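Inspection log for the structure reproduced underneath, given as structure tokens.
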Amino acid sequence: MHTRRIGDVEVSAIGLGGMPMSIEGRPDEERSLATLHAALDAGVTFIDTADAYHRDAGEVGHNETLIAKALAGHDRGRDVLVATKGGHLRPGDGSWTLDGSPAHLKRACEESLKRLGVEAIGLYQFHRPDPRVPYAESVGALRDLLDEGKIRMAGVSNANPEQIREANDILGGRLVSVQNQFSPAFRSSEPELRLCDELGIAFLPWSPLGGISRAAELGSAYAPFARIAEAHGVSPQRVCLAWMLAKSPVVVPIPGASRPETIRDSATAPELRLGAEELAELDAV
């Protein structure tokens, strides 16, 4: 597996997004554990989760607990950087709410520490800005958690360029990651990607294949991805991830998966080398 860096940690160039294994339509636990173990077998050493990745009320942190169980049951589990997030909530009725208050973020971090079974969280990210709370106060909570040793690295998610710069300033230059939506269907995070490249901050595209319901349709929705995939004898999904990796060395896509075969295919994307003309064609989509 090719590698990249998040802060001072070397990770696989392709990570795994855990959300599909815990929200609506999720598989049974046996298949989820098989998917997580398939990722580890394929060399994946970066897994993304959040306390809000659950389906029902009363099961906050379902995905964190699942990942902790999978890592404990695999001999490569200790080699994995787990990123989790706080500040986004799910009441259990399918909706999403926000709480970016420092008190909530610090309390959420403590609960995530327990579920993950670690003394310090490898990467903790503020999940989404809360318009009711000054951004500086939310990120200030991450600064405090860093200083207290509760988290080893800090990041932000769903942030714009101004917020990225502000977060990095508040953290004293210690911002290591930005996790924003980015895919062929969602290109508006290009400015954030360029800024991360400039600052040397890892850019973690979420839903890089278009989301749970659309990933399988990537090739039919975007002809160039299907055409280039056919020329290389690979899937359009693999082409998509290789295209993202070619954009900058700070990019570490985190495709979601709920089947072993899906993450096995994604994990091979760093081996695919696309030509300049192919990349230009995909950029033009």
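The values are calculated or read from the model by the stated rules, or taken from the named source; none is laboratory data. Being a predicted model, the structure only gives us computed values, none of them experimental. Counting neighbours? That spans all protein chains shown, and the Cβs are built from the backbone with ideal geometry, glycine included. Side chains included, ligands, DNA and RNA excluded: accessible areas come from the protein's heavy atoms. Shrake-Rupley method; radii C 1.70, N 1.55, O 1.52, S 1.80 Å.
Just a few scattered comments:
- Computed from Cα atoms, the angle from the helix 102-116 axis to the main principal axis of the chain rounds to 70 degrees.
- Sequence ranges 249-255, 58-64, ranked by mean other-Cβ count within 10 angstrom, highest first: 249-255, 58-64
- Computed with a 1.4 Å probe on the full set of protein chains, the accessible area for E281 sits at about 60 Å².
- When the Cα positions of F46, S101, M244 are compared along the charge dipole of the chain, F46 comes out farthest toward the positive end, with charges on each C-beta of Lys, Arg, Asp and Glu.
- Lysine pair count for the chain with Cα-Cα distance under 24 Å and sequence separation of 8 or more or different chains is 10.
- Computed [θ] at 222 nm, deg cm²/dmol, the chain (DSSP H ≥ 4; -39,500 (n - 2.57); rounded to nearest 500): -12000 deg cm²/dmol
- Percent RCO, i.e. relative contact order, over the range 1-140, from Cα pairs under 8 Å lying at least 6 residues apart: 21
- Exposure of H2 as accessible area (Å², to 10), given a probe of 1.4 Å and all protein chains: 80
- To the nearest ten degrees, helix 161-170 and the longest principal axis of the Cα atoms of the chain are 40 degrees apart.
- A simple rule links phi to the HN-Hα coupling: the Karplus curve 6.51 cos²θ - 1.76 cosθ + 1.60 with θ = phi - 60°, which for the range 28-37 gives 6, 4, 4, 5, 5, 5, 5, 5, 5, 5 Hz, with x for Gly and Pro.
- Summing charges over neighbours of G7, with a neighbour being any other residue whose Cβ is under 9 Å away from its Cβ, gives +2 when K and R count +1 and D and E count -1.
- Rg and Dmax of the range 151-285, both derived from C-alpha coordinates alone, stand at 15.3, 47 Å.
- Rg/Rg_ref, the range 1-147, where Rg_ref = 2.2 N^0.38 Å and atoms are Cα: 1.03
- Environment charge at Q163 (Cβ cut-off 14 Å; Lys +1, Arg +1, Asp -1, Glu -1): -4
- Heavy-atom SASA rank of W206, W243 (probe 1.4 Å, accessible area, largest first): W206, W243
- For the range 66-82, 3J(HN,Hα) per residue [Karplus equation, 6.51 cos²θ - 1.76 cosθ + 1.60, θ = phi - 60°, Hz, x = Gly/Pro]: 4, 5, 4, 5, 5, 5, 5, x, 9, 5, 9, x, 6, 8, 9, 8, 9
- Helix axis angle, 223-232 relative to the chain longest principal axis, alpha carbon, degrees: 70
- About the Cα centre, charge dipole magnitude for the range 205-282 (Lys/Arg +1, Asp/Glu -1 at Cβ), debye: 200
- Computed from the alpha carbon atoms alone, the convex hull of the chain holds 117 Å³ per residue.
- Basic side chains Lys and Arg get +1 at the Cβ, acidic Asp and Glu get -1 at the Cβ, and with that the dipole of the range 1-76 about its Cα centre reaches some 240 debye.
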